[in-house]
Structures are given as structure tokens and as C-alpha cells.
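Let me begin by presenting the structure, written as C-alpha cells, before commenting on it.
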């Protein structure tokens, strides 16, 4: 029974999958240069930075509201 266990390796199907994946990846075109990828990312960042001024204004107003609520007993009476 121990010999049957040695003959049957659980990793064999996974090895076959990896071999077929590596063969497919060798056939496909190589990855693009990093400079192209980073250029694409910088274009995406410009669209997200437009919403930050509005968020900053809302955050400042929120903090001012909290400060006014905490200090209101001192300046109302």
C-alpha cells in the first residue's frame, strides 16, 4: 500500500496545469514596458484629484460644526 502512495502524486495535475500555462504564456506577446503602464496610471490620477477640493471644504465645514457644537455653551450664555 505504501508503494501505491509513492506512485500517486497529488501534485501531478497541478504540475501539468502549470506546464500548459507556461507554454501559453511563452506563445503570447511579452508584457509592455513599464513606462507605458506608468503613463496610463498618471492619466487616471488627474481625474481623481478634481474631487479633492470639494472633500476638503466639506471636511473643514464638518470640523467647524463640531467645534461650534462643543463650544456653544460658552458663547451662547
Please count how many residues of the stretch 3-14 are exposed (fewer than 10 other Cβ atoms within 10 Å of the Cβ) and either at pLDDT 70 or above or in contact with a helix residue (DSSP H, G or I) (Cβ under 7 Å, 6 or more places away or on another chain) (or both).
5
Taking the condition surrounded by fewer than 10 Cβ atoms within 10 Å (Cβ to Cβ), at pLDDT 85 or above and at negative phi, does residue 30 pass?
no
Does residue 21 count as over 28 Å from the mean Cα position of the chain (by Cα) and at pLDDT below 85?
no
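The values are calculated or read from the model by the stated rules, or taken from the named source; none is laboratory data. What you see is a predicted model; the values in this text were computed from it and never measured. Positions of Cβ are generated from backbone atoms using ideal geometry, with glycine treated the same way; all protein chains shown enter the neighbour counts.
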